[in-house]
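Structure first, commentary second.
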Amino acid sequence: FEHPAGSYKKIFETCEELAEPLPATVTGRIPSFLKGSLLRLGPGLFEVGDEPFYHLFDGQALMHKFDFKNGQVTYYRKFIRTDAYVRAITEKRVVITEFGTFAYPDPCKNIFSRFFSYFKGVEVTDNCLVNVYPIGEDFYAVTETNYITKVNTDTLETLKKVDMCNYVNINGITAHPHIETDGTVYNIGNCMGKGATLAYNIVRIPPTQKDKSDPIEKSKVVVQFPSAERFKPSYVHSFGMSENYFVFVETPVKINLLKFLSAWSIRGSNYMDCFESNESQGTIFHIAKKDPGEYIDLKFKGAAIGMFHHINTYEDQGFIVVDLCSWKGFEFVYNYLWLANLRANWEEVKKAAMMAPQPEVRRYVIPLDVHKEEQGKNLVSLPYTTATAVMHADGMIWLEPEVLFSGPRQAFEFPQINYQRYRGKNYTYAYGLGLNHFIPDRICKLNVKTKETWVWQEPESYPSEPLFVQTPDGVDEDDGVILTIVAAPGSQRPAYMLILNAKDLSEIARAEVECSIPVTFHGMYKQ
């Protein structure tokens, strides 16, 4: 699709929260097994007073909820009362520096108090605009810093801010945990390792406690991955987990910590200023045993990619199969997600995307048994993949992927699977949000075995991450529905929640609302 009218600009505009839930107008029939809530997070406030936020990941966190009840649907949303939000609203300016927006010092303070506040260090943002997930019986809205925010998923009230640094050795923690059937949560974050070097810790948070104590208090580091560069950890957005292994992909996109620490105190700088690319590192694949946690000291490498989202990771006949959404090369994709780029006219949007790294869905295969093999030959013997692993003379094992999907400037991103039943298992189907030159304009389904694809798309309609909900008595992997929020700025009702049949992406129902809904990133279906 082409978007010359530029109606996609609307998804990057500020909206108001709602005083009470709005009834939605339903077309089609809502499946009777949908009785819970679709929860989503994204930015909702794109400027404070006359100060704009500059990057896609800067707008203040807005939580959205579609409730299903007796075939009816209501929509509700509220801003999360983070420190970043409350202080911005109170002072009518950007108070806490966001990902790509620097917060200037308070103009009302004199030079001395400003000088002292520099020594107190940086205030890290708690703007939890990325995802929401359960820990024990609680729910947390999250970003990628050390702060997570407990929310009430019924009223959307903000309950409390939690600093993960108080419980485990991490500097930040991703918005993409893995959650096991019993409620155990695994996540990854970078940390200070041994001997003042940087490292990455996998953290385990146990499920609901019998004594009703907070599971976060019992968080533990399970295993530590080393960093390729001493003072420059890679940016980590998600990780892979199979039944018995963790997979951590260390990309060439680095956080320059020295720049990070000095930049803040000296001049107007933000998080984006502290990223750089190591053009010679390539991509390093680390593996570790899960239980008990143990790093496996093998060197797996591949060509340079940027990577945000793992799709699934599973073991098969002595191999770990790692499926992920990649962006070719070492350049940081976030450089293309400035709001000025995304709000540009269609021809400009396309021109910018021509320069950006190219997206590709890839399958890497990591051999677990590499000791006795001779170098120079392909160690991968799985019959169904063309991915290879070849040992070099120095013991490094070079990985070449199999491409599962590739279209010029057409990304299959924000991937989802039938997570409940196929997480960490050999699977067939992935669902994704199709980005057309970074503009989300379709829902895709991919058969990772045959590479067959299905697409749902309508003109001037901008969907969000597709969430899979299984039919209660479903037998097949794709017995279920896909839920997505679609912005349709030109329509009489400018947004709707869409329900698709996961088999073929045909429409089952939609629930339209009388207000517009801005972009959302991630979320969950809560029973």
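The values are calculated or read from the model by the stated rules, or taken from the named source; none is laboratory data. All of these numbers come straight from a predicted model, not from anything done at the bench. As a convention, Cβ positions derive from the backbone with ideal geometry for all residues, glycine included, and neighbour counts pool all protein chains shown. These accessible areas exclude ligands, DNA and RNA; they are computed on the full protein's heavy atoms, side chains included. Shrake-Rupley method; radii C 1.70, N 1.55, O 1.52, S 1.80 Å.
Among the residues of the range 153-163, is any under 29 Å from Val94 (Cβ atoms), more than 19 Å from the chain's Cα centre (by Cα) and crowded, with 21+ Cβ neighbours inside 10 Å? Looking through the range 153-163, at least one residue is under 29 Å from Val94 (Cβ atoms), more than 19 Å from the chain's Cα centre (by Cα) and crowded, with 21+ Cβ neighbours inside 10 Å. When restricted to residues that are open to solvent by less than 10 Å² (accessible area, probe 1.4 Å) and either without any contact (Cβ under 8 Å) to a residue 40 or more places away in the chain or among the hydrophobic types (A, V, I, L, M, F, W, C) (or both), the range 29-47 contains 5. Within the range 430-450, is there a residue that is hydroxyl-bearing (Ser, Thr, Tyr), modelled with pLDDT of 95 or more and within 18 Å of the chain's Cα centre (by Cα)? Yes, the conditions are met somewhere in the range 430-450.
Where residues in the range 344-383 are open to solvent by 80 Å² or more (accessible area, probe 1.4 Å) and at pLDDT 95 or above, which of them is nearest to Lys449 (Cα to Cα)? Within the range 344-383, the match that is nearest to Lys449 (Cα to Cα) is Pro383.
Of all the residues in the range 286-309, those that are assigned to a strand (DSSP E or B), out of contact with any helix residue (DSSP H, G or I) (no Cβ under 6 Å at 6 or more places or on another chain), within 28 Å of Val333 (Cα to Cα) and not basic (Lys, Arg) number 9. If you check Lys445, Lys425 for being outside any loop (DSSP other than H, G, I, E, B), touching an Asp or Glu at 6+ places or on another chain (Cβ under 9 Å) and closer than 26 Å to Pro177 by Cα, only one passes: Lys445. Residues that are in contact (Cβ under 8 Å) with a residue 12 or more places away in the chain and either open to solvent by 10 Å² or more (accessible area, probe 1.4 Å) or among the basic types (Lys, Arg) (or both) within the range 48-60 comprise Gly49, Glu51, Pro52, Tyr54, Leu56, Phe57, listed in sequence order. Of all residues in the range 222-231, exactly one satisfies the criterion of being buried (at least 22 other Cβ atoms within 10 Å of the Cβ) and either touching a His at 6+ places or on another chain (Cβ under 9 Å) or among the charged types (D, E, K, R) (or both), namely Phe225. If the condition is being open to solvent by 10 Å² or more (accessible area, probe 1.4 Å) and either among the acidic types (Asp, Glu) or under 13 Å from Met524 (Cα atoms) (or both), then the range 129-152 contributes Val130, Asn131, Tyr133, Pro134, Glu137, Asp138, Phe139, Glu144.
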